[in-house]
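Here's the structure, in C-alpha coordinates; my notes come after.
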Amino acid sequence: RSRVRNMVSPEKLLYKQPSVLVGRTDVVSVTPWLAPIVWEGTFDPVLVDNIYKPMNLTIATTVFAIGKYVRFLQDFLDTAEKHFMVGFNMRYYVFTDRPHDVPSVNLTRGRHLSVIQVPGSNRWQEISARRMEIIQTTIERQIRREADYIFCLDVDSKFHARWGPESLGRLVAVIHPGYYEQTRDRFPYERRPASTAYIPMDEGDYYYGGAMIGGFVEDVYTLTKVCQTRFEEDAGNSIEAAWQEESHLNRYLLYNKPSKVLSPEYLWQDFKAKTKEVKVIRFSGVIKNYADVRPN
Ligand code: 2GW
Ligand code: MN
(Lines give C-alpha, C1' and ligand atoms only; values in the text may rest on other atoms or scores of the structure.)
(Ligands and ions follow the chains in the order given, each with its own letter.)
Protein backbone atom coordinates (compact mmCIF):
# COMPACT_ATOMS: atom_id res chain seq x y z
CA ARG A 1 0.00 0.00 0.00
CA SER A 2 1.38 3.35 -0.90
CA ARG A 3 -0.38 6.52 -1.79
CA VAL A 4 2.86 8.43 -1.55
CA ARG A 5 3.20 10.66 -4.58
CA ASN A 6 5.45 13.37 -5.91
CA MET A 7 5.38 16.63 -4.08
CA VAL A 8 2.84 18.54 -6.09
CA SER A 9 2.19 22.06 -4.89
CA PRO A 10 -1.21 23.53 -5.72
CA GLU A 11 -1.15 26.28 -8.34
CA LYS A 12 -1.67 29.83 -7.13
CA LEU A 13 -0.69 28.98 -3.57
CA LEU A 14 0.95 32.09 -2.18
CA TYR A 15 3.88 31.71 0.17
CA LYS A 16 7.11 33.49 0.96
CA GLN A 17 9.79 33.24 -1.70
CA PRO A 18 12.44 30.72 -0.70
CA SER A 19 15.92 32.17 -0.46
CA VAL A 20 19.20 30.65 -1.47
CA LEU A 21 21.09 33.04 0.77
CA VAL A 22 19.01 33.72 3.85
CA GLY A 23 17.91 31.09 6.33
CA ARG A 24 18.87 29.66 9.66
CA THR A 25 22.58 29.90 10.29
CA ASP A 26 22.62 28.99 13.99
CA VAL A 27 21.90 25.31 13.35
CA VAL A 28 22.82 22.75 10.72
CA SER A 29 19.77 21.74 8.70
CA VAL A 30 21.22 18.98 6.55
CA THR A 31 23.25 15.85 7.41
CA PRO A 32 26.50 14.97 5.57
CA TRP A 33 24.47 12.41 3.59
CA LEU A 34 22.04 15.18 2.60
CA ALA A 35 19.04 14.28 4.73
CA PRO A 36 17.16 17.32 6.02
CA ILE A 37 17.37 18.10 9.73
CA VAL A 38 14.00 19.63 10.51
CA TRP A 39 14.09 22.85 12.55
CA GLU A 40 11.58 25.66 12.90
CA GLY A 41 12.31 28.15 10.14
CA THR A 42 13.64 25.57 7.66
CA PHE A 43 10.22 24.72 6.21
CA ASP A 44 7.05 26.57 5.33
CA PRO A 45 4.21 24.87 7.23
CA VAL A 46 1.50 26.13 4.87
CA LEU A 47 3.38 24.95 1.81
CA VAL A 48 4.18 21.59 3.40
CA ASP A 49 0.54 21.04 4.42
CA ASN A 50 -0.65 21.93 0.94
CA ILE A 51 1.72 19.46 -0.65
CA TYR A 52 0.88 16.53 1.62
CA LYS A 53 -2.85 16.96 2.30
CA PRO A 54 -4.01 16.09 -1.23
CA MET A 55 -2.17 12.75 -1.00
CA ASN A 56 -4.84 11.63 1.49
CA LEU A 57 -2.28 9.75 3.55
CA THR A 58 -2.99 7.63 6.59
CA ILE A 59 -0.57 7.82 9.47
CA ALA A 60 -0.26 5.00 12.02
CA THR A 61 0.88 5.78 15.55
CA THR A 62 1.82 2.97 17.90
CA VAL A 63 2.05 3.57 21.60
CA PHE A 64 2.54 1.16 24.49
CA ALA A 65 0.85 1.67 27.84
CA ILE A 66 1.68 -1.33 29.98
CA GLY A 67 0.78 -1.37 33.66
CA LYS A 68 0.77 2.01 35.33
CA TYR A 69 1.83 3.72 32.12
CA VAL A 70 -1.86 3.83 31.11
CA ARG A 71 -2.02 7.04 33.15
CA PHE A 72 -0.05 8.82 30.44
CA LEU A 73 -2.54 8.04 27.67
CA GLN A 74 -5.02 10.82 28.36
CA ASP A 75 -2.56 13.68 27.93
CA PHE A 76 -0.71 11.91 25.15
CA LEU A 77 -3.86 11.44 23.09
CA ASP A 78 -5.51 14.77 23.94
CA THR A 79 -2.42 16.73 22.96
CA ALA A 80 -1.87 14.57 19.85
CA GLU A 81 -5.36 15.49 18.68
CA LYS A 82 -4.44 19.16 19.03
CA HIS A 83 -1.00 19.11 17.44
CA PHE A 84 -0.03 15.84 15.75
CA MET A 85 -0.63 15.49 12.01
CA VAL A 86 -3.74 17.64 12.25
CA GLY A 87 -6.00 17.20 9.23
CA PHE A 88 -4.53 13.81 8.32
CA ASN A 89 -6.09 10.37 8.61
CA MET A 90 -4.72 8.90 11.81
CA ARG A 91 -4.83 5.43 13.26
CA TYR A 92 -3.65 5.08 16.82
CA TYR A 93 -2.73 1.58 17.97
CA VAL A 94 -2.69 1.47 21.75
CA PHE A 95 -1.08 -1.64 23.19
CA THR A 96 -1.98 -2.29 26.78
CA ASP A 97 -2.65 -4.96 29.36
CA ARG A 98 -5.37 -2.74 30.88
CA PRO A 99 -7.86 -2.08 28.08
CA HIS A 100 -10.50 -0.87 30.53
CA ASP A 101 -8.23 1.93 31.70
CA VAL A 102 -7.81 3.41 28.23
CA PRO A 103 -9.47 6.84 28.40
CA SER A 104 -12.12 7.77 25.90
CA VAL A 105 -10.80 10.58 23.78
CA ASN A 106 -12.70 12.77 21.32
CA LEU A 107 -11.11 12.10 17.98
CA THR A 108 -11.53 14.46 15.07
CA ARG A 109 -12.76 13.31 11.66
CA GLY A 110 -10.68 10.68 9.91
CA ARG A 111 -8.99 9.61 13.10
CA HIS A 112 -9.39 6.24 14.79
CA LEU A 113 -8.07 4.47 17.81
CA SER A 114 -7.78 0.74 18.35
CA VAL A 115 -6.88 -0.86 21.62
CA ILE A 116 -4.89 -4.06 21.33
CA GLN A 117 -4.53 -6.17 24.42
CA VAL A 118 -1.05 -7.45 25.16
CA PRO A 119 0.34 -9.25 28.19
CA GLY A 120 1.59 -7.20 31.11
CA SER A 121 5.07 -7.54 32.48
CA ASN A 122 7.20 -6.26 35.29
CA ARG A 123 10.43 -6.46 33.44
CA TRP A 124 11.52 -3.62 31.19
CA GLN A 125 13.72 -5.98 29.18
CA GLU A 126 10.64 -8.00 28.36
CA ILE A 127 8.47 -4.97 27.53
CA SER A 128 11.24 -3.51 25.43
CA ALA A 129 11.87 -6.67 23.40
CA ARG A 130 8.18 -7.34 23.04
CA ARG A 131 7.54 -3.80 21.86
CA MET A 132 9.65 -4.46 18.76
CA GLU A 133 7.97 -7.80 18.22
CA ILE A 134 4.42 -6.50 18.65
CA ILE A 135 5.04 -3.62 16.26
CA GLN A 136 6.19 -6.17 13.68
CA THR A 137 3.26 -8.52 14.03
CA THR A 138 0.78 -5.63 14.00
CA ILE A 139 2.39 -4.27 10.83
CA GLU A 140 2.02 -7.73 9.27
CA ARG A 141 -1.57 -8.16 10.44
CA GLN A 142 -3.00 -4.75 9.74
CA ILE A 143 -0.87 -1.61 9.65
CA ARG A 144 0.64 -2.58 6.29
CA ARG A 145 -2.86 -2.42 4.78
CA GLU A 146 -4.13 0.47 6.85
CA ALA A 147 -1.43 3.14 6.72
CA ASP A 148 1.26 4.76 4.60
CA TYR A 149 3.55 6.07 7.33
CA ILE A 150 4.09 4.99 10.90
CA PHE A 151 5.35 6.66 14.06
CA CYS A 152 6.25 4.62 17.14
CA LEU A 153 6.23 6.84 20.20
CA ASP A 154 6.85 6.72 23.95
CA VAL A 155 3.62 7.28 25.88
CA ASP A 156 5.15 9.29 28.74
CA SER A 157 5.07 12.38 26.56
CA LYS A 158 2.96 15.28 25.35
CA PHE A 159 2.64 17.38 22.23
CA HIS A 160 2.89 21.14 22.68
CA ALA A 161 3.01 22.55 19.16
CA ARG A 162 2.68 21.54 15.51
CA TRP A 163 4.14 18.22 14.46
CA GLY A 164 3.08 17.98 10.83
CA PRO A 165 3.97 16.34 7.51
CA GLU A 166 7.39 18.06 7.47
CA SER A 167 8.32 15.00 9.56
CA LEU A 168 7.43 12.45 6.89
CA GLY A 169 10.10 10.46 5.13
CA ARG A 170 11.27 6.96 4.30
CA LEU A 171 13.13 6.48 7.58
CA VAL A 172 12.87 9.19 10.22
CA ALA A 173 14.76 9.50 13.49
CA VAL A 174 14.98 12.22 16.13
CA ILE A 175 18.05 13.74 17.74
CA HIS A 176 18.04 13.13 21.49
CA PRO A 177 17.84 16.46 23.36
CA GLY A 178 20.45 15.44 25.90
CA TYR A 179 23.43 14.92 23.63
CA TYR A 180 23.30 17.19 20.61
CA GLU A 181 26.01 19.45 21.95
CA GLN A 182 28.38 16.56 22.69
CA THR A 183 31.15 14.91 20.75
CA ARG A 184 30.48 11.36 19.57
CA ASP A 185 32.81 9.76 22.11
CA ARG A 186 30.50 11.07 24.86
CA PHE A 187 27.36 9.52 23.36
CA PRO A 188 25.88 6.73 25.52
CA TYR A 189 26.16 4.19 22.71
CA GLU A 190 26.80 0.57 23.59
CA ARG A 191 30.61 0.31 23.82
CA ARG A 192 31.19 -3.38 24.45
CA PRO A 193 32.17 -5.23 21.28
CA ALA A 194 30.37 -8.30 22.63
CA SER A 195 27.03 -6.60 22.01
CA THR A 196 25.46 -6.47 18.58
CA ALA A 197 24.67 -2.80 19.36
CA TYR A 198 28.39 -1.96 19.62
CA ILE A 199 29.59 1.34 18.19
CA PRO A 200 33.30 2.21 18.38
CA MET A 201 34.40 5.58 19.83
CA ASP A 202 35.41 7.03 16.47
CA GLU A 203 32.07 6.29 14.77
CA GLY A 204 28.59 7.70 15.14
CA ASP A 205 26.59 10.54 13.59
CA TYR A 206 24.13 11.77 16.22
CA TYR A 207 22.66 10.26 19.33
CA TYR A 208 19.09 9.38 18.37
CA GLY A 209 16.26 9.13 20.88
CA GLY A 210 14.42 5.84 21.31
CA ALA A 211 11.15 7.64 22.05
CA MET A 212 10.37 8.14 18.35
CA ILE A 213 10.97 6.21 15.21
CA GLY A 214 9.07 6.81 12.03
CA GLY A 215 8.87 6.41 8.29
CA PHE A 216 7.34 4.24 5.62
CA VAL A 217 5.65 1.24 7.18
CA GLU A 218 8.01 -1.18 5.38
CA ASP A 219 11.17 0.64 6.43
CA VAL A 220 10.12 0.74 10.07
CA TYR A 221 9.17 -2.93 9.77
CA THR A 222 12.69 -3.84 8.69
CA LEU A 223 14.21 -1.71 11.43
CA THR A 224 12.16 -3.37 14.19
CA LYS A 225 12.95 -6.80 12.77
CA VAL A 226 16.69 -6.23 12.70
CA CYS A 227 16.75 -4.57 16.13
CA GLN A 228 14.69 -7.33 17.69
CA THR A 229 16.88 -10.07 16.24
CA ARG A 230 19.98 -8.37 17.62
CA PHE A 231 18.34 -7.70 20.96
CA GLU A 232 17.55 -11.42 21.24
CA GLU A 233 20.99 -12.46 20.08
CA ASP A 234 22.44 -10.31 22.87
CA ALA A 235 20.00 -11.78 25.39
CA GLY A 236 21.16 -15.25 24.34
CA ASN A 237 24.68 -14.15 25.24
CA SER A 238 23.45 -12.65 28.53
CA ILE A 239 24.21 -9.14 27.42
CA GLU A 240 21.88 -6.18 27.58
CA ALA A 241 22.83 -3.06 25.66
CA ALA A 242 23.44 0.12 27.68
CA TRP A 243 20.11 1.71 26.73
CA GLN A 244 18.30 -1.39 25.51
CA GLU A 245 16.50 -0.85 22.22
CA GLU A 246 17.69 2.76 22.03
CA SER A 247 21.23 1.35 21.71
CA HIS A 248 20.14 -1.06 18.98
CA LEU A 249 18.32 1.75 17.21
CA ASN A 250 21.46 3.90 17.24
CA ARG A 251 23.53 1.09 15.84
CA TYR A 252 20.98 0.39 13.09
CA LEU A 253 20.76 4.06 12.11
CA LEU A 254 24.53 4.47 11.94
CA TYR A 255 24.67 1.98 9.08
CA ASN A 256 21.17 2.54 7.67
CA LYS A 257 21.06 6.31 7.46
CA PRO A 258 17.74 8.01 8.10
CA SER A 259 16.34 9.95 5.14
CA LYS A 260 15.08 12.68 7.46
CA VAL A 261 16.27 13.71 10.90
CA LEU A 262 14.07 15.61 13.33
CA SER A 263 15.72 18.23 15.52
CA PRO A 264 15.32 18.08 19.32
CA GLU A 265 12.22 20.29 18.88
CA TYR A 266 10.52 16.95 18.22
CA LEU A 267 11.82 15.29 21.39
CA TRP A 268 12.46 17.48 24.37
CA GLN A 269 12.43 16.64 28.07
CA ASP A 270 10.32 18.64 30.49
CA PHE A 271 13.09 18.89 33.05
CA LYS A 272 15.40 20.51 30.53
CA ALA A 273 15.34 24.30 30.02
CA LYS A 274 14.81 25.39 26.42
CA THR A 275 18.03 26.30 24.64
CA LYS A 276 18.40 29.22 22.23
CA GLU A 277 18.39 27.13 19.05
CA VAL A 278 15.15 25.43 20.01
CA LYS A 279 12.47 27.93 18.97
CA VAL A 280 9.53 25.60 19.57
CA ILE A 281 9.13 22.53 21.71
CA ARG A 282 6.77 20.26 19.78
CA PHE A 283 6.89 17.06 21.82
CA SER A 284 8.48 16.29 25.15
CA GLY A 285 8.87 13.58 27.70
CA VAL A 286 7.05 14.39 30.94
CA ILE A 287 8.72 14.28 34.31
CA LYS A 288 7.75 11.02 35.90
CA ASN A 289 8.02 9.72 39.39
CA TYR A 290 9.74 6.42 38.71
CA ALA A 291 8.58 4.98 42.01
CA ASP A 292 4.98 5.68 40.96
CA VAL A 293 4.94 4.30 37.46
CA ARG A 294 7.52 1.58 37.22
CA PRO A 295 6.75 -1.92 38.36
CA ASN A 296 9.60 -2.35 40.86
C1 2GW B 1 8.80 -0.76 32.74
C2 2GW B 1 9.94 -0.91 33.54
C3 2GW B 1 10.97 0.01 33.46
C4 2GW B 1 10.86 1.05 32.56
C5 2GW B 1 9.71 1.20 31.77
C6 2GW B 1 8.68 0.30 31.87
C7 2GW B 1 7.49 0.46 31.04
C8 2GW B 1 7.56 1.02 29.77
C9 2GW B 1 6.21 0.08 31.54
O10 2GW B 1 6.03 -0.44 32.68
N11 2GW B 1 5.10 0.27 30.74
C12 2GW B 1 5.20 0.80 29.49
O13 2GW B 1 4.17 0.97 28.80
N14 2GW B 1 6.43 1.16 28.98
C15 2GW B 1 6.49 1.69 27.59
O16 2GW B 1 7.84 1.78 27.16
C17 2GW B 1 5.91 3.10 27.50
O18 2GW B 1 5.37 3.31 26.21
C19 2GW B 1 7.15 3.96 27.67
O20 2GW B 1 6.99 5.29 27.20
C21 2GW B 1 8.17 3.15 26.88
C22 2GW B 1 9.63 3.43 27.26
O23 2GW B 1 9.79 3.41 28.68
P24 2GW B 1 10.12 4.79 29.44
O25 2GW B 1 9.32 5.88 28.80
O26 2GW B 1 9.93 4.60 30.91
O27 2GW B 1 11.63 4.95 29.16
P28 2GW B 1 12.46 6.34 28.98
O29 2GW B 1 11.55 7.51 29.03
O30 2GW B 1 13.61 6.32 29.91
O31 2GW B 1 12.91 6.15 27.52
C32 2GW B 1 14.06 5.96 26.72
O33 2GW B 1 14.86 4.83 26.98
C34 2GW B 1 14.22 3.56 26.81
C35 2GW B 1 15.27 2.49 26.97
O36 2GW B 1 15.75 2.45 28.27
C37 2GW B 1 13.54 3.40 25.46
O38 2GW B 1 14.50 3.30 24.42
C39 2GW B 1 12.65 4.58 25.20
O40 2GW B 1 12.07 4.49 23.91
C41 2GW B 1 13.45 5.86 25.33
O42 2GW B 1 12.62 6.98 25.11
MN1 MN C 1 9.81 7.68 27.81
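The values are calculated or read from the model by the stated rules, or taken from the named source; none is laboratory data. Since the model is a prediction, treat every value here as computed from it, not as a measurement. Methodologically, a virtual Cβ is constructed for each residue, glycine included, from the backbone with ideal geometry; neighbour enumeration extends over all protein chains shown. Surface areas here come from the heavy atoms of the whole protein model, side chains and all, with no ligands, DNA or RNA. Shrake-Rupley method; radii C 1.70, N 1.55, O 1.52, S 1.80 Å.
Along the chain, the exposed loop sites are chymotrypsin sites (Phe, Trp or Tyr not before Pro) outside DSSP states H, G, I, E and B with at most 12 other Cβ atoms within 10 Å, and the longest stretch free of them is 34-270. How many percent of the accessible area of the chain is carbon or sulfur, using a 1.4 Å probe? That share works out to 51 percent.
Computed over the chain with a Gaussian network model linking Cα atoms closer than 10 Å, the most mobile of 61, 196, 138 is 138.
Okay, helix-only estimate at 222 nm for the chain: each DSSP H run of n ≥ 4 adds -39500 (n - 2.57), divide by all residues, round to 500 deg cm²/dmol; what do you get?
Working: 6 runs with 70 residues, N = 296.
Per the formula, -7500 deg cm²/dmol.
Quick one: putting +1 on the C-beta of Lys and Arg, -1 on the C-beta of Asp and Glu, what dipole do you get for the range 190-232 around its Cα centre, in Debye to the nearest 20? Spell out each step's value before the answer.
On the way: 4 positive and 7 negative charges, 41 e Å.
Dipole magnitude for the range 190-232 comes out near 200 debye.
Taking 20 Å as the cut-off, the amide N atoms of the range 110-150 that come nearer than this to a point 7 Å along the Cα-to-beta-carbon line of residue 192 belong to 123-130. Averaged per residue, the range 3-160 has 54 square angstrom of accessible surface, using a 1.4 angstrom probe with ligands and nucleic acids left out. Under 10 Å, Cα contacts only: if you run a Gaussian network model on the chain, which one of 55, 85, 212 comes out with the highest mean-square fluctuation? Looking only at 55, 85, 212, the biggest GNM fluctuation is shown by 55. Would you mind telling me which residue in 248, 112, 83 has the biggest mean-square fluctuation in a Gaussian network model of the chain, where springs connect alpha carbons within a distance under 10 angstrom? Residue with maximal mean-square fluctuation among 248, 112, 83: 112.
Ranking 215, 227, 165 by how far each Cα lies toward the positive end of the dipole of the range 151-250 (charges on Cβ) leaves 165 at the top. Between the alpha-carbon centres of the range 151-222 and the range 250-296 there is a gap of 9 Å. For residue 279, the lysines whose Cα comes closer than 28 Å to its Cα, not counting residues fewer than 8 places off in the same chain, are 16, 53, 82, 158, 257, 260, 288. The distance between label points at residue 104 and residue 15 comes to 3.9 nm (points 7 Å beyond Cα on the Cα→Cβ vector). Working from Cα pairs under 8 Å separated by at least six residues, relative contact order for the chain is 22 percent. Loop-located GluC sites (Glu not before Pro) in the range 98-194 (DSSP state not H, G, I, E or B) with no more than 14 neighbouring Cβ atoms inside 10 Å: 181.
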